[in-house]
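Data first, discussion second: the structure below is written as structure tokens.
The values are calculated or read from the model by the stated rules, or taken from the named source; none is laboratory data. Just so you know, these numbers come straight off a predicted model, no measurement behind them. As a convention, Cβ positions derive from the backbone with ideal geometry for all residues, glycine included, and neighbour counts pool all protein chains shown. Remember, those area values only see protein heavy atoms, side chains included, never the ligands or the DNA or RNA. Shrake-Rupley method; radii C 1.70, N 1.55, O 1.52, S 1.80 Å.
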Amino acid sequence: SLVVRELVRRRYAEQEAAGVRLIDVLGALKDWAGAYSWSRNRLRSYVAPFEYEEMVSRAAAALRELDAGWALTLLAGMDRVAPHVQHGQVHLYVRPADFGRAEAKLRATLHLEPVTHGGNFHLLEPHYAVSAFFGQREVGGLQVVSDIQLYLDLVGYPVRGSESAEMLLRSGLGQALGLEPRQYGDLL
């Protein structure tokens, strides 16, 4: 109810007898992206001695074995939704309750070496606890954050993030939100 009240106050939504209806999706998403930063998440970076697809596959198997909550994001998530950028980075969210044991399992399974800068394998503990997992889905056998979460993470990511966010809008998110292609530039 607090979120609905704020959306109505900011004139992004109207509250009607039948429920709540968004009336300014563009404004809401633009403001949300402006207030959100993927870098607020707790980040642990590593170097893994595997090729990209093998890293992803081994990580997924290890996390399934643990029954840990996880989902790919940033360019690794985008690879599953609308691949278009060559990279070697894996970023994945791990639920806070599972973070410690997932990190230990992944360090052992992938022979991860911690680094303070750089790396090719990154664990993110969500700043907002579980909201990063709302709407997550399986794509090609891997858990991926929702398109909204992926957009929010990408739009502020310094390495081809805005380009990837635009591709995400063009590949279906924009249409799902009821936006016109001419509006995409207003979001980036």
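What the table below lists for this structure:
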| read-out | value |
| --- | --- |
| Residue among V20, V81, V130 with the largest mean-square fluctuation in a Gaussian network model of the chain, springs linking Cα atoms under 10 Å | V20 |
| Choice from D67, D98, D79 with maximal GNM fluctuation in the chain (Cα, 10 Å cutoff) | D67 |
| Residue among L150, L66, L106 with the largest mean-square fluctuation in a Gaussian network model of the chain, springs linking Cα atoms under 10 Å | L66 |
| Percent carbon-and-sulfur accessible area, the chain, ignoring ligands, DNA and RNA, probe 1.4 Å | 51 percent |
| Residue-averaged 222 nm ellipticity for the chain, from DSSP H runs of 4+ at -39500 (n - 2.57), nearest 500 | -11500 deg cm²/dmol |
| Neighbour cut-off at most 11 other Cβ (10 Å), DSSP loop, trypsin sites (Lys or Arg not before Pro), region 1-85 | R11 |
| Net charge, L2 excluded, C-beta distance under 13 Å - Lys, Arg +1, Asp, Glu -1 | +2 |
| Around N41: net Lys/Arg minus Asp/Glu count, Cβ-Cβ under 15 Å | 0 |
| log10 of Debye I(q)/I(0), alpha-carbon scatterers only, for the chain at 0.08 Å⁻¹ | -0.28 |
| Crossing angle, helix 99-110 versus the chain [Cα axis fit, 0-90 degrees, rounded to tens] | 50 degrees |
| Shape metrics for region 30-128, restricted to C-alpha atoms - Rg then Dmax, Å | 13.3, 40 |
| Mean-position separation - Cα centroids, region 26-94 and region 147-188, in angstrom | 16 Å |
| Volume per residue that the Cα convex hull of region 81-188 spans, once the total is divided by residue count, Å³ | 125 Å³ |
| Environment charge of G100, counting only residues whose C-beta is closer than 12 Å and scoring Lys/Arg +1, Asp/Glu -1 | +3 |
| Solvent exposure of the chain as accessible area per residue, Å², 1.4 Å probe | 52 Å² |
